[in-house]
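Worksheet for the structure shown next.
The values are calculated or read from the model by the stated rules, or taken from the named source; none is laboratory data. Everything numeric in this text was worked out from a predicted model, so none of it was measured. Glycine gets a Cβ as well: all are built from the backbone with ideal geometry, and neighbour counts include every protein chain shown.
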Amino acid sequence: MNTAPSLHDLQTDFARWMLGEHGLSLPEAVAGNGLAPAARLQIYQNIIFNNLTAALRTDYPAVLKLVGEDFFETAAARYIRGYPSRSGNLQDYGAAFAEFLAAMPEAATLPYLSDVARLEWARQESYLAADAAPLDAAALASLPEDQHARLCLTLHPSLRLVESAHPIWDIWKFCQETAPRRLNLSGEGQALMVWREASQLAMQPVAGGQRKFVAALLCGTPLAAAHKSAVDADPDFDLTACLHWLFSIRLVTGCSFA
Amino acid sequence: MYLPVSSQPAFPARPVPAQAGIGLRPAHFRQVLDEHPPVPWLEVHSENFFCAGGEMLQTLDAVRRDYPISLHGVGLSLGSSHQLNEQHLAKLRQLIRRVEPALVSEHLCWGAVDGRHLNDLLPLPYTEESLDLMVGRVTAAQEFLERTLLLENVSTYLTYRHSTIPEAEFIAALAARSGCHILLDVNNIYVNAANHGYDAEKYIHAIPKQTVKEIHLAGFTRKQGLPVELLIDSHSRPVADAVWQLYRLALSHCGLVPTLIEWDRDIPPLHVLLAEAAKAESMLHEYRALAA
């Protein structure tokens, strides 16, 4: 940079330098003023990495607890370089952390880690999701029975279903405890519903027909087909009880016809 | 100057008074809602409320009913050479329409290029090119938001060899050409004066006083192990004595201006923040008495 760089060139090189690219002429544009220009850039690099790492720590406390400080810092630094932030809002940063952890060689011995990250991102999404008023169950009761097959239920925007081949509910509870205890990681896979109840996050494991039913409704499947997929998985599935439960926790917010 | 347009305001208008408020962070939401501390106004970070629903927005609505509110943005990146971030701006407009804040502010900085965000308040070279860009961006943002923006001077840890305009002149020219107002961060002036060896008092005198509509105060930390003095705008400490001195000077230059205590790391109990605000209030009171 013998001549002054354009603002766009300067900012492009600045961003590349911060994310670890070397061999740029950027330091030539920086006044040293008693320090090496690279040392001044390094201050910004530290601040940027600290800010983004702090955002990941806030979003992924259970992952942090499972892997410890050193591993988390390493993972975060590598994630920041590989998955640059795409938003001016730090709340949006970290969406692909589960995907990153699934492919991280050092995490291969922790096959459940990426699912824990998926659960934590689901919690973040749920916390920030739109509000919606619950539907009165009486609205359904008044429908003629022959219309039930085409009926689609809309569930609350904060509802997420996180399914795992690992005992993710047990792992989650383990992470919330202060006293260390043994955790059986070889248990069966679990699924968790995450949603907002009176503005606070709620979580509950779901299994069998209930899990299939909720998964189907979340995909927009009409009631009759969702019922069928639940019964296929669990012949004892009780549709009335399940619907009553979903209404009681105010998760049904609308209905339409397919 | 753009006036907010709103057919049916959801909240009564509550201008921010020329008194000392505090930056409200999620750590103190519950306590502020429960105890309703007697603080004259509050400022929040706009981006914390860019969500679709839930507890954050409910809290902001509740706080807005009881206090004058200022929205302080940290992520718009007005100084980015690529186009203005319209998505970010649209979310800000939605939030402005929802809470009808008394003030809306952002920073004289950049933070992203070509869609790649660094999520920090990064220094611009103070050149004619940067000034033209900032004037255009601030003008466009003000038109879109239908608001006059307050632009804040940021702390910096480097300067560019090709900068040609002193920072105070740059921000003064930006205000003159775009019609924006200035959020004068007195701590940032102190930090930059120490980091880059310029005169903080001269800086304040170069600011057109009628454009200053808010003052920020915060604590800095000193970076250790460097051959030169380097202060970091950490927002993690009480306001330094030297910054209080500079604040008095800013008041004597600008007159009575709404003043805000910011604290973002190692956030102390609420009463510590309120005590810092009370200290600022006592200095405002001195100048109020002088002016009377």
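Here are the numbers for this structure:
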item: Enumeration of residues in segment B:172-185 that are part of a helix (DSSP H, G or I) and either touching a residue at least 60 places away in the same chain (Cβ under 8 Å) or farther than 11 Å from B:Leu151 by Cα (or both); result: B:Ala173, B:Leu174, B:Ala176, B:Arg177
item: Selection from segment A:64-76 of residues that are under 18 Å from A:Asn50 (Cβ atoms) and surrounded by 15 or more Cβ atoms within 10 Å (Cβ to Cβ); result: A:Leu64, A:Phe71, A:Phe72, A:Glu73, A:Ala75, A:Ala76
item: Residue selected from segment B:61-89 under the condition small (Gly, Ala, Ser) and in contact with an Asp or Glu (Cβ under 6 Å, 6 or more places away or on another chain), by the criterion nearest to the other protein chains (Cβ to nearest Cβ); result: B:Gly75
item: Conditions (1) within 11 Å of chain B (Cβ to nearest Cβ); (2) over 22 Å from B:Ile232 (Cα atoms): number failed by A:Phe49; result: (2)
item: Qualifying residue in segment A:62-78 (condition: free of Cβ contacts under 8 Å to residues at least 12 places away in the same chain, facing another protein chain (nearest Cβ under 10 Å) and in contact with a helix residue (DSSP H, G or I) (Cβ under 9 Å, 6 or more places away or on another chain)); result: no
item: Residue in segment A:102-119 that is among the acidic types (Asp, Glu), in contact with a Phe, Trp or Tyr (Cβ under 9 Å, 6 or more places away or on another chain) and within 14 Å of another protein chain (Cβ to nearest Cβ) present; result: no
item: From B:Leu184, B:Leu251, B:Leu260, residue being of a type in the set (A, V, I, L, M, F, W, C), out of contact with any Leu (no Cβ under 8 Å at 6 or more places or on another chain), modelled with pLDDT of 95 or more and within 19 Å of B:Leu284 (Cβ to Cβ); result: B:Leu184
item: Number of the exception - A:Ile43 against (1) surrounded by fewer than 20 Cβ atoms within 10 Å (Cβ to Cβ); (2) within 31 Å of the chain's Cα centre (by Cα); (3) more than 9 Å from chain B (Cβ to nearest Cβ); result: (3)
item: Residue ranges of helices (runs of 4 or more DSSP H) in segment A:158-256 with at least 3 members within 24 Å of B:Ala52 (Cβ to Cβ) and either acidic (Asp, Glu) or assigned by TED's automatic domain parsing to the domain that holds A:Leu135 (or both); result: A:208-218
item: Given (1) of a type outside the set (Ser, Thr, Tyr); (2) within 14 Å of another protein chain (Cβ to nearest Cβ); (3) part of a loop (DSSP other than H, G, I, E, B), number of the condition A:Glu125 does not satisfy; result: (3)
item: Residue in segment B:38-47 that is buried (at least 20 other Cβ atoms within 10 Å of the Cβ), touching a Cys at 6+ places or on another chain (Cβ under 6 Å) and more than 14 Å from B:Leu260 (Cβ to Cβ) present; result: no
item: Conditions (1) out of contact with any helix residue (DSSP H, G or I) (no Cβ under 8 Å at 6 or more places or on another chain); (2) at the interface with another protein chain (Cβ under 9 Å from one of its Cβ atoms); (3) surrounded by 24 or more Cβ atoms within 10 Å (Cβ to Cβ); (4) of a type outside the set (Phe, Trp, Tyr); number of the one not met by B:Asn119; result: (1)
item: Exclusive hit being within 17 Å of A:Ile43 (Cβ to Cβ), more than 14 Å from chain A (Cβ to nearest Cβ) and either assigned to a helix (DSSP H, G or I) or among the β-branched types (Val, Ile, Thr) (or both), set B:Asn195, B:Asn188; result: B:Asn188
item: Subset of segment B:159-171 [assigned to a helix (DSSP H, G or I) and in contact with a strand residue (DSSP E or B) (Cβ under 8 Å, 6 or more places away or on another chain)]; result: B:Ile171
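For (1) under 18 Å from B:His72 (Cβ atoms); (2) of a type in the set (Ser, Thr, Tyr); (3) under 14 Å from the mean Cα position of the chain (by Cα), each residue gets a yes or a no:
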residue	(1), (2), (3)
B:Val99	yes, no, no
B:Leu122	yes, no, no
B:Glu128	no, no, no
B:Arg137	yes, no, no
B:Arg147	yes, no, no
B:Val154	yes, no, yes
B:Tyr157	no, yes, no
B:Ile165	no, no, no
B:Phe170	no, no, no
